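The values are calculated or read from the model by the stated rules, or taken from the named source; none is laboratory data. Please read these numbers as outputs of a predicted model, since none were measured by experiment. Note that we place each Cβ from the backbone using ideal geometry, even for glycine, and neighbour counts take in every protein chain shown. Surface areas here come from the heavy atoms of the whole protein model, side chains and all, with no ligands, DNA or RNA. Shrake-Rupley method; radii C 1.70, N 1.55, O 1.52, S 1.80 Å.
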Amino acid sequence: MKVLVIGGGAREHALCRSLSQDPAVTELHCAPGNAGIAQVATVHPVDQLDGAQVADLAVRLGAALVVVGPEAPLVAGVADAVRAAGVPVFGPSAAAAQLEGSKAFAKDVMAGAGVPTARSYVCTTAEEAAEALDAFGAPYVVKDDGLAAGKGVVVTSDRAEALAHAASCMVESPGRQGRGSVVIEEYLDGPEVSLFAITDGTTVVPLQPAQDFKRALDGDEGPNTGGMGAYSPLPWAPAGLVEEVLETVLQPTVDELRRRGTEFSGLLYAGLALTSRGTRVIEFNARFGDPETQVVLARLRTPLAAVLLAAGTGTLDQLEPLRWDEDAAVTVVVASEGYPAAPRTGDPIEGLAEAEADGTAFVLHAGTRSGADGAVLSAGGRVLSVTATGADLGEARDRAYAAVDRITLKGGQHRTDIALKAATA
């Protein structure tokens, strides 16, 4: 099987790593890829938002499967273009990807499906936003209605800050994927859980839950980011959580979208809050999450290609149950200086081979590129995802941080408390 992965971040590197270890995959390609992905796949300089370019590349390569990683190409209709070219694709249509592309659309789908979520208002004026904030009270939760690379949400007790973010979300400008509207909702208490599910539009197969860390600094302080680390499994999660979410959230959502004529196939991501009033959906994504993918795939023993192909060809009901490693996995994100506000790029990264030398950890590239002299340079805010497995979270965590300590990046930053509470509970 020839497989083409679209994207160039740590999520795509994790996908490529797992696919490269699958005996069924005879050729692995990625567009546009990054310096790390180039070590396990042939990379191609294709605009990942251009459906025609991606479809043409897939046809030229003779790909048996295209896996679309990031949300922006999905919302742009790249999966539609690939399907139209007759190539199986893992990833929802542009219409179905609005489940992530528009928070308002997602709320409407959840209402139709009877999915438990936070009460919310969709606002298009400053006056409406102010009224919604006052209706719910602090802490205020303000969400950009469009794509925001995981950083469109502000949770604050400062009303002025909440109003300012709401105003920025309602500004429509060229190149911005916002919608001129903002979603303001009630605050959900309790720990958060990320749960992925693979679906072909009818059958839904949940993966293992994970938890990520959105704030930039230890103790969940600092600005919101795309994610600074993750771990799996969750020893504190209630028994039967996955089955409950499958029954009350995932399957009803997939069924509702199919009822609307907007079949969703690919990866459905549910961000959940385990509140004092029960499990509630915080948000949906239409693709694998980053950095949770890194730890979830590190524990998956079932070869990945056949699972993704089954979702893309409507045969997921024929798949055998997924097999999982009992070991734990921890990912620590190494970010560049100034992230998330103004990330510095172009700095050399050293110690990558040393980080992987003892075989207990591996490094997934996010924002990297190859320099003229063969050096690996930083090229984004989140630069690396350092992932390790171990018999338990404590061992996996120790191994991940030992590997991080071997890497040198000028001004690089990382949290030191990823999985700490869970490992020491």
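At q = 0.15, 0.18 Å⁻¹, what is the log10 ratio I(q)/I(0) for the stretch 320-425, with the Debye formula run over Cα points and no solvent? Results for the stretch 320-425 at q = 0.15, 0.18 Å⁻¹ read -0.63, -0.84. Measuring only protein heavy atoms, the 1.4 Å probe finds Thr387 accessible over about 0 Å².
Taking the alpha carbon gyration tensor of the stretch 270-313, multiplying each eigenvalue by 5 and rooting it gives semi-axes of 26, 13, 10 Å, largest first.
Computed over Cα pairs, the Kirkwood radius of the chain leads via Stokes-Einstein (0.890 mPa s, 25 °C) to a diffusion coefficient of 113 µm² per second.
Phi angles across the stretch 188-195 convert, under the Karplus curve 6.51 cos²θ - 1.76 cosθ + 1.60 with θ = phi - 60°, into 3J(HN,Hα) values of 9, 7, x, x, 9, 9, 9, 10 Hz, Gly and Pro given as x. For Lys107, the lysines whose Cα falls under 17 Å of its own Cα, not counting residues fewer than eight places away in the same chain, are Lys143.
Near the amide H of Val376, within less than 5 Å, lie the amide hydrogens of Ile349, Gly371, all on another chain or at least 5 residues away, with H placed in the peptide plane. Annotation: amide H-H contacts under 5 Å for Gly229 (H modelled 1.01 Å from N, sequence separation of 5 or more, or interchain): Phe213, Val333. What accessible area per residue, rounded to a whole number of Å², is obtained for the stretch 78-223 using a probe radius of 1.4 Å? Per residue, the stretch 78-223 has 39 Å² of solvent-accessible surface.
The alpha carbon centroids of the stretch 271-285 and the stretch 111-146 are separated by 15 Å.
Sorted by packing (mean other beta-carbon atoms within 10 Å per residue), highest first, where do 235-244, 390-399 land?
Most protected by this proxy first, the peptides run 390-399, 235-244.
For the stretch 151-253, a Kirkwood hydrodynamic radius built from all Cα pairs, placed in the Stokes-Einstein relation at 10 °C and 1.306 mPa s, yields a translational diffusion coefficient of 96 µm²/s. Taking a Cβ cut-off of under 14 Å around Gly219, the surrounding Lys, Arg, Asp and Glu residues balance to a net charge of 0, with basic ones at +1 and acidic ones at -1.
Where only DSSP H runs of four or more residues are counted, the chain gives -8000 deg cm²/dmol as its mean residue ellipticity at 222 nm, each run worth -39500 (n - 2.57). Max-minus-min Cα coordinates of the stretch 9-102 on each principal axis give 34, 25, 23 Å, with the largest extent listed first.
Coupling constants for the stretch 217-234 follow from the phi torsions by the Karplus curve (6.51 cos²θ - 1.76 cosθ + 1.60, θ = phi - 60°), and in residue order they are 10, 3, x, 6, 9, x, x, 6, 10, x, x, 10, x, 7, 8, 7, x, 10 Hz; glycine and proline get x.
Electrostatic bookkeeping for Ala94 treats Lys and Arg as +1 and Asp and Glu as -1; over the other residues with beta carbon under 12 Å from its beta carbon, the sum is -2.
Is the C-alpha gyration tensor of the stretch 240-296 telling us rounded, prolate or oblate? Criteria: a/c under 1.5 is rounded; beyond that, a/b larger than b/c is prolate, otherwise oblate. It comes out oblate by the Cα gyration axes. Residue-wise HN-Hα couplings along the stretch 405-413, as the Karplus relation 6.51 cos²θ - 1.76 cosθ + 1.60 with θ = phi - 60° gives them from phi, are 5, 8, 9, 10, 9, 4, x, x, 9 Hz; Gly and Pro carry x.
Tell me the carbon and sulfur percent of the accessible area for the stretch 287-425, rounded to whole percent, probe radius 1.4 Å.
47
For the peptides 319-325, 245-251, 349-355, 290-296, the ranking by packing is 290-296, 245-251, 349-355, 319-325, with the highest mean count of neighbouring Cβ atoms within 10 Å listed first. Here the stretch 330-384 has an Rg and Dmax of 11.6, 35 Å, counting Cα atoms alone. Other residues whose C-beta falls under 10 angstrom from the C-beta of Ser120 contribute a net charge of +2, scoring Lys and Arg +1 and Asp and Glu -1.
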